[in-house]
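Input: a single structure, listed below in C-alpha cells.
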Amino acid sequence: MFAFILRRLGLLLPTFFGITLITFGLIRLIPGDPVEVMVGERTLDPQMHADAMHRLGLDKPLYLQYVDYLGNLASGNLGESLVTKESVWKEFATLFPATLELARMVMLFAAVFGLLAGVIAAIKRGSIFDHGVMGLALTGFSMPIFWWGLILIMFFSVKLGWTPVSGRLDLAFDIAPRTGFMLIDTWLAEAADPEINAGAFKDALMHLILPAIVLGTIPLAVIARMTRSSMLEVLREDYVRTARAKGLSPARVIFIHTLRNALIPVLTVMGLQVGTLMGGAVLTETIFSWPGIGKWLIDAISRRDYPVVQNGILMVATLVILVNFTVDILYGIANPRIRHAK
Amino acid sequence: MANVQASPATSAAEVALSYPSPLKEFWQGFSHNKGAVAGLIFMLAIAVSALLAPWLAPYSPIEQYRDAILTPPAWMEGGSSQFLFGTDELGRDLLSRLIHGARLSLLIGLTSVVMALVPGVILGLIAAFFPKVLGSLIMRLMDVMMALPALLLAVAIVAILGPGLVNTMIAIAIVALPAYVRLTRASAMTELNRDYVTASRVAGAGLIRLMFVCVLPNCMAPLIVHATMSFSSAILEAAALGFLGLGVQPPTPEWGTMLASARDYIERAWWVVSLPGLTILLSVLAINLMGDGLRDALDPKLKRAA
C-alpha cells in the first residue's frame, strides 16, 4: 500500500511542476510590455521602467525568474493583487469556503439523486422510467448551465419569488464569519442570538439551492448514467444470481450485493467531476454573484489583475490534482487489482 | 443483427461471401438508434440554415428596428408576424440573429475540432510509436493540461490572447487536445501488437506509412465518436466564453454573447433569454444523440457503455 502511494506521488510531482511552468509562462505570454501592463501606463520614464523591471525581477534570465517563482511558492508567497494590494493567498483563503460550501451541496444533490435515478433505471431497464431518466440525463449533460441558471432565476426568483436572486445571505443579516461556511455560521448565530438572527439559516439555505441545482445538473447526469450502466453490468454477475437464488429479499440483493460493487466506477467518476465543478463554478458564481473563487478569477481577468489570475489558477489546478490523487488512492484501497498493477 | 438477409434462392456459398457494404452496415447500426436519427435531422436543419443564412434570415442580424424594441414573439399578445421570434433589446430580429449565430457556432465547432484532432492524432501516434522518452514526455504534458479544468484553461488562454473569434477557437482547441492524444495513443498501442503491423514492418514499410496508412485507419472509430462529442462541447464552451464576455464580441450574433446581453431583460422579456439558450441546448443535445448513434454503429465494443 505504501509503495502504491509513493508511486502515485511520483506521478503527482511532475504534474505539479508542469502546472507551475504553465502558470509561470502564462504571464509572460501576455502581449506587450509586462511593466506597462502591471502599472497600467503607456509612457513610463525609462529609469522608472528599468527600476520596475529590476524590482519585479524581470531583468534576470528566464530560468532564474522561474527559480525565483518556485522559491516564492515554496515559501508560501503567492504575490499580491494589483487591485486590492491584498495577498493572493489571503484572498483565496477567504473566498474558498464559499466555493467549497457550494461544491459540497452540489455533490450531495448530484450523488443522492444521481444514484437513485441510476439504480431505479437499471432495475426497471427498458421501462418508460428508464427511457425518461436516460433522456433527461442526456439533456442535463448537454445543458448550457449559464442559461439553465438564468431560466431558473427567471422562474423561481422573478416569477414565483421563492428564492433570492443572488449572493449568499440577505443584507439584513449581519453574521460574523467564523467558519466561512454560511450554513454553519448562520446556524451558530441563530443559536447564540435567536431574536436578531431568526431565519438566517433558512435564508442562507434558500440562497444555496438554485446555484447548487445549476452546478449539480451535469454531475447529476453523469452519475445517473454511470450508475445505471455499472449496475447493469454487476446485475449480470454470477454472485448476484446466487444471492437471488438463495432467496434474499430483492432490496438486499440490489443494495448490498449489487450497488456496493457497482459503486467503485461511480466513485471514480465523482472524483473526476471535481474538475468540471471548478470550471462550472466560474459560470455559476458569475450568474448568482456567489462570492467564491470562480467569480474571483473572472473578476481578476476582467481587471487584468495578473498575479491573481496566475496563482489563482495554480491553486485551483493544485486542488484538482490533489482530489484526483485522493480518489486514486481510495480506488487503490477499494480495489487491490489496481494497487498491484504495474 | 440481421445484416445478411439472403433470399432463399441464393446458395449457401453466396451468402457467406456477400457482406453488406461498410456504408450500408454503418447506416443499419446508426438508424437503429431513433434518437441518433432525430439528432442528425435536427443538425442537418441547423447546418442548412447556417449555410443559407443570408437568404433564409428575414432581416440582417445587426439591423436595429428602433420602434420595435423587445417585441414579443409572433404567437404572444403584442407580437407581430413581422418578427417571428420577437426582437431583442436593440430591436434586432431574434430569428435572424439565431440563424446567423448557427454559422458562428458551427464554424467554431468545426474549426476547433480540426485544430485539436490533427495535432492530437499526430502527437498520439508519436507517443504510441516511441513510448520510452518522447511518449512519456508527451503524456506528462497532457496530464498537466488535463489537471486544469477545461473552461478555466480556456478562460485563461483567452484572457492572455484577448477575446475574439479566432482566439476562442484556439483556446477551445488547446483544451480539447489532451483527450485526442490519449485516445489515439491508447488505440494505436493496442494496434501495434497486431500481426498485420508486424507484417507491414517486415515488408519494409517506413515509419510514416506505418503510422498513417497501417495503424491510423484502424483507430478511427473511437476518434470519430470522440470528435462528435467534442464538437458539442466546443459549441458549449464557445457559448460559455461568449457569455462571460470573453468570446466573440457584440454585435456579432453569437448564441452565448446574445445571452450575456439579454441578462438584464430577464424580468421583462423571457424570449430574449430563453430562445438563444434553447437553441444551444437543442443543438448540443442533437450532436450528443448523434454521437451515441455513431458509437453504436462504429464501435460495437463500447456499445451501451455510459
Could you tell me what fraction of 2.2 N^0.38 Å the Cα radius of gyration of region A:82-170 comes to, as a two-decimal ratio?
1.53
Hey, how many Å between the Cα centroid of region B:107-134 and the Cα centroid of region A:71-112?
34
Mean shadow area (nm²) of the C-alpha convex hull around region A:181-245 is 7.4
If all Cα-Cα distances of the protein assembly as shown are sorted into 20 Å bins from 0 onward, what percent lands in each bin, rounded to whole numbers?
15, 48, 32, 5, 0
Dipole magnitude of region B:63-206 about its Cα centre (Cβ charges: Lys, Arg +1; Asp, Glu -1), debye to nearest 20:
800
Among B:P149, B:N218, B:Y180, whose Cα lies farthest out toward the positive end of the dipole of region B:146-238, if unit charges sit on the beta carbon of Lys, Arg (+1) and Asp, Glu (-1)?
B:N218
Could you please tell me the mean projected area of the C-alpha convex hull for region A:45-194, averaged over all directions and given in square nanometres to one decimal?
17.4
Restricting attention to region A:260-341, which trypsin sites (Lys or Arg not before Pro) occupy a DSSP loop and are surrounded by at most 15 other Cβ atoms within 10 Å?
A:R303, A:R304
Entries in A:K90/A:K159; A:K124/A:K159; A:K85/A:K295 that, when Cα-Cα distance is taken, lie over 27 Å
A:K90/A:K159; A:K124/A:K159
Per-residue mean of other chain beta-carbon atoms within 10 angstrom of the beta-carbon, peptide A:272-280?
4
Which value, in debye to the nearest 20, gives the size of the charge dipole of chain A about its Cα centre, when Lys and Arg are +1 and Asp and Glu are -1 at the Cβ?
2100
Would you mind counting up the charge near B:V37? Only other residues with Cβ under 14 Å from its Cβ, with Lys and Arg at +1 and Asp and Glu at -1.
-1
Report the far tail of the P(r) of region A:291-342, meaning the percent of Cα-Cα pairs longer than 16 Å.
55
For chain B, with a Gaussian network of springs between Cα atoms less than 10 Å apart, report the residue from B:Y19, B:Y180, B:Y59 with the top mean-square fluctuation.
B:Y19
Around B:I266, with a cut-off of 12 angstrom between Cβ atoms, what is the net charge of the other residues, counting Lys and Arg +1 and Asp and Glu -1?
0
Treating the beta-carbon of each Lys and Arg as +1 and of each Asp and Glu as -1, no other charges, what is the dipole magnitude of the protein assembly as shown about its Cα centre, to the nearest 20 debye?
2740
Determine the equivalent ellipsoid of region B:59-166 by diagonalising the alpha-carbon gyration tensor, then write out the semi-axes as square roots of 5 times the eigenvalues, largest first, rounded to whole Å.
47, 14, 11
Tell me the net charge near A:F201. Cut-off is 10 Å between Cβ atoms, A:F201 excluded, with +1 for each Lys or Arg and -1 for each Asp or Glu.
-2
Are there any GluC sites (Glu not before Pro) in region A:76-140 that are in a DSSP loop and have at most 14 other Cβ atoms within 10 Å? List them by number.
A:E86
Given the options A:I19, A:I30, A:I254, state which has the largest fluctuation in a GNM of chain A using a 10 Å cut-off (strictly under) for Cα springs.
A:I30
Kyte-Doolittle mean at least -0.5, axial Cα span of 24 Å or more - DSSP H helices of chain B:
B:34-51, B:94-129, B:165-192, B:220-243, B:270-298
Working note, chain A: Cα radius of gyration (Å, one decimal) and Dmax (Å, whole number) are 24.5, 87
Volume per residue of the C-alpha convex hull in region B:140-238, rounded to whole Å³
114
With T = 25 °C, eta = 0.890 mPa s and Kirkwood Rh from C-alpha pairs, the Stokes-Einstein D of region A:207-274 in µm²/s is about 184
Helical mean residue ellipticity (222 nm; -39500 (n - 2.57) per DSSP H run of 4+; nearest 500) of chain B
-21000 deg cm²/dmol
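We did not get these values from a lab; they are worked out from the coordinates using the rules stated. No experiment lies behind these values; they were computed from the predicted model shown. Methodologically, a virtual Cβ is constructed for each residue, glycine included, from the backbone with ideal geometry; neighbour enumeration extends over all protein chains shown.
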